[in-house]
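Written out below as structure tokens is the structure these notes cover.
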């Protein structure tokens with residue numbers, strides 16, 4: 001491997017951009033892109049739901065960790081949303 005190639009790989013790995021939409025981008029990558037969770041018909045719809053939860057005071061970091069631990073299990077993802085998502089007063 002040449003020095004230039006090594007430098008390029010180091011820069012590519014070491015300089016990952018911050019998510020444009022914060023924790024919601026991470027969440028949607030997990031549940032929509034990775035898990036293909038059927039509740040969201042698109043990545044944008046996932047972001048909209050996430051932003052709503054965030055505005056309503058949901059614990060987004062805990063929800064994200066829970067989604068990761070759920071390992072794409074639909075029932076576990078729903079439980080994460082129930083536990084850490086925005087709570088309805090209805």
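Scan region 19-41 residue by residue and report those that are in contact with a helix residue (DSSP H, G or I) (Cβ under 8 Å, 6 or more places away or on another chain), farther than 22 Å from residue 87 by Cβ and assigned to a loop (DSSP other than H, G, I, E, B).
Correct list: 19, 21, 35, 38.
Confirm whether residue 86 is touching a helix residue (DSSP H, G or I) at 6+ places or on another chain (Cβ under 9 Å) and in a helix (DSSP H, G or I).
Working: touching a helix residue (DSSP H, G or I) at 6+ places or on another chain (Cβ under 9 Å): yes; in a helix (DSSP H, G or I): no.
Criteria not met by residue 86.
Filter region 42-71 for residues that are within 17 Å of residue 83 (Cβ to Cβ) and in a loop (DSSP other than H, G, I, E, B) and give the result.
Step one: list which residues in region 42-71 are within 17 Å of residue 83 (Cβ to Cβ), which gives 49-50, 52-54, 56-71.
Matches in region 42-71: 56, 57, 58, 59, 71.
Every number in this text was worked out from the coordinates using simple rules, so none of it is lab data. Owing to the predicted nature of the structure, the values given are computational and were not obtained by experimental measurement. Neighbour counts are summed over all protein chains in view; Cβ atoms, including those assigned to glycine, are modelled from backbone coordinates with ideal geometry.
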